[in-house]
Amino acid sequence: MEKRVRFRSRWLPWALLAPQLAIIGVFFFWPASQALLQSLQQQDPFGMSTEWVGLENFRVLFADESYLESFQTTAVFSLLVAGFGIAISLLLAVFADRVARGAMFYKTLLIWPYAVAPAVAGVLWVFMFSPGVGVVAWALREGGWDWNHLLDAARRWR
């Protein structure tokens, strides 16, 4: 027997969908519409004036040989990366599934992304909080808090 969810009110399903629809609208449709609008305009280098040029930007773009070559290079690179990535993933999955010599090595390779991601996140946090170049440390200094985790940690251990 299949259970189905039934909403007694007409507004509840829309209220449950509203946050996701708002996120899609704000982070996908609005920037996409802005990009489309700006692709049909010409703006001076300092952003002081904007002129409507319509499809002229696209005519110039597709008449440029270097753009067409870069487009072709990007397409070939994308297809090769996707093809090799899928092929290598399938090969690793077949080796990991078989009971053969070296299966544990391949299973270890399959787990690497889960082990490497936290380390990369840790390094990023160190850079963000670095007193010399970190954006978080800079924001704290701008906010009036002279924060340096290297000096503060040394003070605590004395």
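The values are calculated or read from the model by the stated rules, or taken from the named source; none is laboratory data. What you see is a predicted model, and the numbers here were worked out from it, not measured in a lab. Cβ coordinates were reconstructed from backbone atoms using ideal geometry, including for glycine residues, and neighbour counts include every protein chain displayed. Note: accessible area is taken over every heavy atom of the protein model, side chains too, but ligands, DNA and RNA are not part of it. Shrake-Rupley method; radii C 1.70, N 1.55, O 1.52, S 1.80 Å.
The table for this structure:
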quantity: Of the chymotrypsin sites (Phe, Trp or Tyr not before Pro) in segment 8-114, those whose Cβ has at most 11 other Cβ within 10 Å and which sit in DSSP loop; calculated: 46
quantity: Hull volume in cubic angstrom per residue (convex hull over the Cα atoms of the chain); calculated: 410 Å³
quantity: Magnitude of the charge dipole, the chain, Cβ model with Lys/Arg +1 and Asp/Glu -1, debye to 20; calculated: 1400 debye
quantity: Sparse-neighbour loop sites [trypsin sites (Lys or Arg not before Pro); segment 67-121; at most 12 other C-beta within 10 Å; DSSP]; calculated: 98, 101
quantity: Protection-proxy order for peptides 127-136, 36-45, each taking the mean of Cβ atoms within 10 Å per residue, highest first; calculated: 127-136, 36-45
quantity: Segment 15-139, relative contact order in percent, only Cα pairs under 8 angstrom and at least six apart counted; calculated: 8 percent
quantity: Distant-in-sequence amide H partners of residue 42 (H built 1.01 Å from N, under 5 Å); calculated: 51, 52, 53
quantity: Restricting segment 1-69 to trypsin sites (Lys or Arg not before Pro) in coil, as DSSP defines it, with at most 10 other Cβ within 10 Å; calculated: 3, 4, 6, 8, 10
quantity: Rounded percent of accessible protein surface that carbon and sulfur make up, the chain, 1.4 Å probe; calculated: 69 percent
